[in-house]
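Quick notes on the structure that follows.
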Amino acid sequence: MHNVWLIAKREYLERVRSKAFLISTLMIPLLMGGGIIFSTISTRKSKPTSHITVVSPDQQLALDLKKELETGKDSRMTVDVISPGNSATRATLDSMLLDSQLDGYLVITPASDSNKVPSFSYVPRSAADISTSDSIKTALRNVLLRERLTHQGMVAGDVDSLMQPIKIDTTQAGKKTDTTSNYVAAFVLFFLMYMVILLYGMNVARSIIEEKTSRVFEVLLATIRPEEMMAGKVIGVGAVGLTQVIVWLTTALILTGSSMVTAFAGNSAHVSLSAMQIIFFIIYFLLGYLLYSSVAAALGAMVNSEQELQQLNMFLVMPLAGCMFAIGPVITNPTGLFARILSLIPFCTPLVMYLRISLAPPPMWELILSVVLMIATIYAILWVASRIYRVGILMYGKRPNLPEIMRWLKYS
Amino acid sequence: MAIVELQQVRKAYDTKIAVDSLSFRIEPGSMFGLLGPNGSGKTSSIRMMIGITVPDSGSVELFDQPFDRKNLHRVGYLPEERGLYKKMKVIDQLAFLGQLHGLDAATATKRAHHWCEKLEITEAIPKKTEELSKGMQQKIQFIAALLHEPELIIMDEPFSGLDPVNATLLQDTLVDLRNQGRTILFSTHRMDQVEKLCDAICLIHRGHLVLSGAMQEIKSRYPKNRVQMVFEGDASFLNNNSVESFKNYNGMAEIKLRDGADAQHLLAEAISKARITRFEVMEPTLEEIFIETVGDRVDA
């Protein structure tokens with residue numbers, strides 16, 4: 001046990017002291033925080049602020065539209081009204097478009113029959129400016145609807161209350177949670193787990209290849225067992241991953257707890273993590289890491305160089321990538337049969353079960369079963385991996401084929 | 001009692017037999033040379049002695065007991081190729097390897113400093129391994145094998161890649177350790193190193209034992225029929241009938257005498273024809289013994 005501890009300690013200290021660790025530990029939260037801030041700022045800015053001209057014989061309609069576009073919910077445009085306009089108006093406006101004095105103009109032609117809708121034609125300066133034309137469309141619909149309702153004899157106040165968007169309060173039974181924030185947190189942690197498991201699994205494989213090429217293992221094998229070497233390595237590298245995750249989670253908690261995010265993003269982007277989410281994140285992260293890193297240790301022992309490892313990478317990446325494709329069905333129906341079966345397959349459990357916990361907590365027996373299944377699988381894989389490791393690490397030259405690996409399992 | 005004893009050891013890799021029916025023993029407190037050309041099975045034999053690999057058949061005993069990993073902390077091992085963490089600082093590396101052999105961190109660090117001074121590489125202590133020259137790395141590896149003061153020191157090609165000054169420094173260190181009572185086994189393909197240093201040897205060729213035993217005993221099996229001489233003048237005495245073959249390098253001759261011939265006759269004729277500045281009757285070198293023995297086998 002002492003040897004395992006020594007190997008793990010060395011692995012941990014050497015990695016934590018490296019520049020790469022410092023940079024990735026700092027950069028990921030910065031990028032994520034920066035991403036959130038950037039996206040909230042850019043969505044706020046994206047309320048169109050275009051400058052347009054409305055040409056309409058119906059002055060009241062034009063003024064209502066101007067009001068909706070300038071002070072309405074979704075836009076902050078500047079609107080000029082030309083009413084009723086003459087034959088030269090369009091030519092003048094076209095030349096203004098060319099000079100970039102205008103972003104577009106809207107021409108309203110009243111309907112011949114008062115029961116019909118007038119026709120509209122919008123001329124943008126740039127056809128790519130979709131948000132402006134969308135805002136105009138929405139504003140027109142609102143204005144026309146309001147006008148029509150008023151026409152039918154409704155009081156203005158009633159019209160406004162009728163046109164309020166409908167709110168549905170979604171609270172899960174017995175709990176007061178904000179589902180949007182849960183959803184965001186689940187997603188962020190899902191990707192974090194995916195990334196960290198893959199990254200640190202690969203690190204175990206790389207570290208074994210490094211010892212193989214530098215021949216350090218030969219010195220180590222003269223004192224300790226291959227099993228101890230492998231265990232120390234997996235634990236040491238895993239501890240580095242855990243350290244990084246804890247740093248990130250702490251940062252996330254501080255950020256969401258402080259007013260910083262709220263100030264930037266408003267309440268809608270408030271990310272909250274429940275205690276259960278954090279505890280299960282750590283449990284599934286550890287189990288997932290153990291599972292994938294033992295596979296990686298076996299892969300690392302089988303090959304001679306990182307190039308060769310690249311070819312075997314798919315064994316690590318494929319199950320994880322499969323989980324990514326399953327996100328859609330799991331999110332739309334987290335308690336469905338597909339999600340329940342998938343979340344019990346050990347290679348998918350850490351990601352899929354974790355997602356389910358964040359969306360709609362599964363029954364306790366499913367959680368326990370998933371953990372038991374994972375531990376059993378880890379045990380089996382460690383057994384195979386340590387045998388491949390003890391033989392493979394002494395092999396140089398060509399990569400072993402499947403029958404050879406089967407033969408290795410029978411040694412010792 | 002024997003510190004190391006191999007009996008009828010055989011090890012085969014997929015298609016190649018690395019070592020076959022190899023037996024030898026190493027007495028306590030001796031310097032033992034494991035000799036053989038490249039690819040003869042030296043490293044394979046050593047790996048079985050320290051449990052990196054297991055023999056297919058036959059037995060390996062260390063310290064008079066069947067092989068047991070528990071005894072490995074009494075062994076110091078230097079592998080053929082440098083096995084050090086490239087990015088790790090020398091002192092951390094030595095402390096780590098010392099601790100793996102059961103030392104506590106403080107003792108390991110203290111001894112590492114002591115050894116670095118002794119081997120004249122104190123300037124390497126704060127550096128990373130990858131910044132060091134090959135010779136310096138070899139010295140670090142050498143120290144790593146000795147930190148825990150092992151009773152048995154096993155070194156695979158310890159002097160390869162060293163300049164003569166450093167090779168001598170390490171050879172002297174090994175002699176010191178032997179004089180302290182440690183048992184040392186080292187492998188080499190350089191026969192001249194073994195002649196100076198070793199008390200006993202084992203010579204292997206293509207995985208088979210060719211010769212083994214105490215150095216003096218092996219040499220006494222072969223007649224003293226080599227003469228080395230330096231002379232000025234007429235070289236015709238080299239055709240004397242006691243000479244079997246000779247090589248004349250411009251006044252420096254190496255001569256092999258016929259079986260049973262007396263060197264005195266040759267010397268007498270040489271004096272009459274040339275001016276002799278050196279005349280020495282020599283034991284055969286190990287290299288000659290090796291070539292002779294292996295040559296015989298090939299012929300047979």
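Here are the numbers for this structure:
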| read-out | value |
| --- | --- |
| When residues of region A:86-100 are limited to those that are among the polar types (S, T, N, Q) and touching a residue at least 12 places away in the same chain (Cβ under 8 Å), the one surrounded by the most Cβ atoms within 10 Å (Cβ to Cβ) | A:T89 |
| Among (1) within 13 Å of chain A (Cβ to nearest Cβ); (2) closer than 24 Å to B:L185 by Cα, the one test that B:A112 misses | (1) |
| Residue check for B:F67: modelled with pLDDT under 85 and among the aromatic types (F, W, Y) | yes |
| Region B:260-300, residues that are of a type in the set (S, T, Y), closer than 19 Å to B:P37 by Cβ and either assigned to a loop (DSSP other than H, G, I, E, B) or modelled with pLDDT of 80 or more (or both) | B:T285 |
| Qualifying residues in region A:375-392 (those that are free of Cβ contacts under 8 Å to residues at least 40 places away in the same chain and not hydrophobic (A, V, I, L, M, F, W, C)) - the one surrounded by the most Cβ atoms within 10 Å (Cβ to Cβ) | A:R387 |
| Region A:198-249, subset acidic (D, E) and more than 24 Å from B:I153 (Cα to Cα), residue nearest to the other protein chains (Cβ to nearest Cβ) | A:E210 |
| Residue match in region A:374-383 (condition: at pLDDT below 85, in the same structural domain as A:F191 (by TED's automatic domain parsing) and not basic (K, R)) | yes |
| Test result for B:I153, under 23 Å from B:H73 (Cα atoms) and touching a Ser or Thr at 6+ places or on another chain (Cβ under 8 Å) | yes |
| Complete set of residues in region B:34-73 that are within 21 Å of the chain's Cα centre (by Cα) and basic (K, R) | B:K42, B:R47 |
| Every pair of residues 6+ apart whose Cβ atoms lie under 6 Å, when the first sits in region A:211-226 and is under 16 Å from A:E11 (Cα atoms) while the second is of a type in the set (S, T, N, Q) | A:I224/A:N3 |
| Subset of region A:106-118 (residues that are surrounded by 11 or more Cβ atoms within 10 Å (Cβ to Cβ) and either over 19 Å from A:L63 (Cβ atoms) or not aliphatic (A, V, I, L, M) (or both)) | A:T109, A:P110, A:P118 |
| Residue in region B:163-190 that is farthest from the chain's Cα centre (by Cα), counting only those that are among the aliphatic types (A, V, I, L, M) and over 26 Å from B:M48 (Cα atoms) | B:V165 |
| In region B:202-259, the residues that are of a type in the set (G, A, S), buried (at least 16 other Cβ atoms within 10 Å of the Cβ), more than 17 Å from the chain's Cα centre (by Cα) and not in a loop (DSSP other than H, G, I, E, B) | B:A253 |
| Subset of region B:159-187 (residues that are in contact with a helix residue (DSSP H, G or I) (Cβ under 6 Å, 6 or more places away or on another chain) and not in a helix (DSSP H, G or I)) | B:F159, B:G161, B:L162, B:I184, B:S187 |
| Residue list for region B:54-76, filter: out of contact with any helix residue (DSSP H, G or I) (no Cβ under 7 Å at 6 or more places or on another chain), under 17 Å from B:S187 (Cβ atoms) and surrounded by fewer than 22 Cβ atoms within 10 Å (Cβ to Cβ) | none |
| Yes/no for B:V90 being closer than 28 Å to A:E210 by Cβ, of a type in the set (V, I, T) and at pLDDT 85 or above | yes |
| Residue identified as of a type in the set (D, E, K, R) and not in a loop (DSSP other than H, G, I, E, B) among A:R90, A:R76 | A:R90 |
| Residue match in region B:119-129 (condition: surrounded by fewer than 23 Cβ atoms within 10 Å (Cβ to Cβ), in a strand (DSSP E or B) and within 14 Å of another protein chain (Cβ to nearest Cβ)) | yes |
| Residue match in region A:286-296 (condition: modelled with pLDDT under 85 and assigned by TED's automatic domain parsing to the domain that holds A:R17) | no |
| Test: residue in region B:222-241 that is touching a helix residue (DSSP H, G or I) at 6+ places or on another chain (Cβ under 8 Å), in contact (Cβ under 8 Å) with a residue 40 or more places away in the chain and of a type in the set (S, T, Y) | yes |
| Within region A:278-374, helices (runs of 4 or more DSSP H) holding 2 or more residues that are free of Cβ contacts under 8 Å to residues at least 24 places away in the same chain | A:306-312, A:314-332, A:337-342 |
| Positions within region A:102-119 being closer than 13 Å to A:T53 by Cα and either modelled with pLDDT under 80 or hydroxyl-bearing (S, T, Y) (or both), in sequence order | A:Y105 |
| Checklist (1) more than 22 Å from B:L197 (Cβ to Cβ); (2) at the interface with another protein chain (Cβ under 9 Å from one of its Cβ atoms); (3) surrounded by 23 or more Cβ atoms within 10 Å (Cβ to Cβ) applied to B:G51, failing item | (3) |
| Enumeration of residues in region B:62-99 that are polar (S, T, N, Q) and more than 10 Å from chain A (Cβ to nearest Cβ) | B:Q65, B:N71 |
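The values are calculated or read from the model by the stated rules, or taken from the named source; none is laboratory data. Nothing here was measured: the structure is a model prediction, and the numbers come from that model. In this analysis, Cβ positions are derived from the backbone assuming ideal geometry, glycine residues included, and neighbour counts consider all displayed protein chains.
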